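For reference, the structure discussed in these notes is given below.
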Amino acid sequence: MEASDLLRGALLGLSKSDLVRTTIEKAPVSRDVVARYVPGTTVADAVQATAELRATNRLATLDHLGEDTTERAQAEHTRDTYVALLDALARADLSQYAAAEVSLKLSALGQYLPKDGDAIALDLAREICTAAERAGTTVTLDMEDHTTTDRTLAVLHELRADFPWVGAVVQSYLKRTLGDCRDLAVAGSRVRLCKGAYKEPASVAYQDKADVDLSYVRCLKVLMAGEGHPMVASHDPRLIEIAQALAAHHERTPETYEFQMLYGIRPDEQKRIADRGAQMRVYIPFGDEWYGYLMRRMAERPANTMFFMRSLITKG
């Protein structure tokens, strides 16, 4: 096993550690460092970050952090936060034409509730989609670990009956994803392709980085050749070049696909991509539940860990 694989496993384990979370949260420099990757905890913070991105021609997708909800009241609070966010984006004239959209995790909307979890998550997601439609923007369903893939795609199918613009997410480290891409690469279908950030068994997921990257390229070829709207979620310069070459090969115009990166990661490259006329969307997380998100982002790519560690050193 490579050192990067060991690091990834360790970070994913730490993402579930309450002790480590408490230690990091209490560290004097942590909050300022985290702010480079999570711009705040409130709707107002999220709107401000979106406005700053729009001033540099970047688009946004916003994620209210929190998942694995076990209480209905908590799921409804998540719904209320998204509705308030979408209304605030509309008032700030940031949401029209999907300049700023939102990303949802179904587990945050109650998918894991012991009774009727899928139905509850669907109903709450539907209410968020209604608010998004009112604001003139879109919604993307985030993908979580492999045990929820089929359930998430089932909810996607239900939502698209009324809101055909709801976006899907697929993860290249899952061995099933090439087939999912073939199913999703249809007219009007928005599909975000990422590598994946959960610890998955070898029976369902590629474990070697090279295999994950090869799978990413295979999936990207299907999406770019299809009739949908590919959303290329990667910070990897090589994969970005491949995406550009595939888009050119299929004679795609800039509005028919987009690049996506995380808030705080490679911001200069984000601006460069936007400045050359391509669509560049930034994934903006906000809320109190930042710890698990940050650990998974570091696990997803070792370079992210170095960004964070350099931030700690610089701040200290």
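Identify all residues within the stretch 213-236 that are crowded, with 21+ Cβ neighbours inside 10 Å and either polar (S, T, N, Q) or assigned to a loop (DSSP other than H, G, I, E, B) (or both); write none if there are none. Show your work before the answer.
Of all residues in the stretch 213-236, those crowded, with 21+ Cβ neighbours inside 10 Å come to 215-216, 219-220, 222-224, 228-234.
Answer for the stretch 213-236, where residues must be crowded, with 21+ Cβ neighbours inside 10 Å and either polar (S, T, N, Q) or assigned to a loop (DSSP other than H, G, I, E, B) (or both): SER215, GLY228, SER234.
Does any residue of the stretch 58-74 turn out to be in a helix (DSSP H, G or I), small (Gly, Ala, Ser) and surrounded by 22 or more Cβ atoms within 10 Å (Cβ to Cβ)?
First, pick out the residues of the stretch 58-74 that are in a helix (DSSP H, G or I): 72-74.
From what is left, the residues that are small (Gly, Ala, Ser) are 73.
Adding the requirement that they be surrounded by 22 or more Cβ atoms within 10 Å (Cβ to Cβ) leaves none.
No; the residues of the stretch 58-74 include none that is in a helix (DSSP H, G or I), small (Gly, Ala, Ser) and surrounded by 22 or more Cβ atoms within 10 Å (Cβ to Cβ).
Do the conditions hold for ARG54, that is, is it open to solvent by 10 Å² or more (accessible area, probe 1.4 Å), farther than 28 Å from GLU269 by Cα and among the basic types (Lys, Arg)?
Working: open to solvent by 10 Å² or more (accessible area, probe 1.4 Å): yes; farther than 28 Å from GLU269 by Cα: no; among the basic types (Lys, Arg): yes.
Here the answer is no, as ARG54 does not meet what is asked.
Only residues in the stretch 151-180 that are within 18 Å of MET224 (Cα to Cα) count as the first member; pair them with residues that are of a type in the set (Asp, Glu) and open to solvent by 50 Å² or more (accessible area, probe 1.4 Å), Cβ under 9 angstrom, at least 6 apart or cross-chain, and list the lot.
The qualifying pairs are TRP165/GLU133.
Yes/no per residue for (1) closer than 20 Å to ALA187 by Cα; (2) assigned to a helix (DSSP H, G or I); (3) charged (D, E, K, R); (4) open to solvent by less than 60 Å² (accessible area, probe 1.4 Å):
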site	(1), (2), (3), (4)
ALA121	no, yes, no, yes
GLU133	yes, yes, yes, no
LEU153	yes, yes, no, yes
HIS157	yes, yes, no, no
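Output the residues belonging to the stretch 79-106 that are open to solvent by 10 Å² or more (accessible area, probe 1.4 Å), assigned to a helix (DSSP H, G or I) and more than 13 Å from VAL47 (Cβ to Cβ).
Within the stretch 79-106, ARG79, ASP80, VAL83, GLN96, TYR97, ALA98 meet the criteria.
Applying the selection to the stretch 135-151, what residues are β-branched (Val, Ile, Thr) and open to solvent by 40 Å² or more (accessible area, probe 1.4 Å)? Walk me through how you get there before you give the answer.
So the first thing to find is which residues in the stretch 135-151 are β-branched (Val, Ile, Thr), and the list is 137-140, 147-149.
Residue satisfying the conditions is THR147 alone.
Of the residues that sit in the stretch 191-210 and are within 16 Å of the chain's Cα centre (by Cα) and in a loop (DSSP other than H, G, I, E, B), which one is farthest from VAL139 (Cα to Cα)?
Step one: list which residues in the stretch 191-210 are within 16 Å of the chain's Cα centre (by Cα), which gives 191-198.
When the remaining residues are screened for being in a loop (DSSP other than H, G, I, E, B), the result is 195-198.
Details: LYS195: 20, GLY196: 19, ALA197: 20, TYR198: 22 Å.
It comes out as TYR198.
The values are calculated or read from the model by the stated rules, or taken from the named source; none is laboratory data. This is a predicted model, so every value here is computed, not measured. With ideal geometry, Cβ positions are generated from the backbone for all residues, glycine too; neighbour counts draw on all protein chains shown. To get the accessible areas, we keep the full protein, side chains included, count just its heavy atoms, and leave off ligands, DNA and RNA. Shrake-Rupley method; radii C 1.70, N 1.55, O 1.52, S 1.80 Å.
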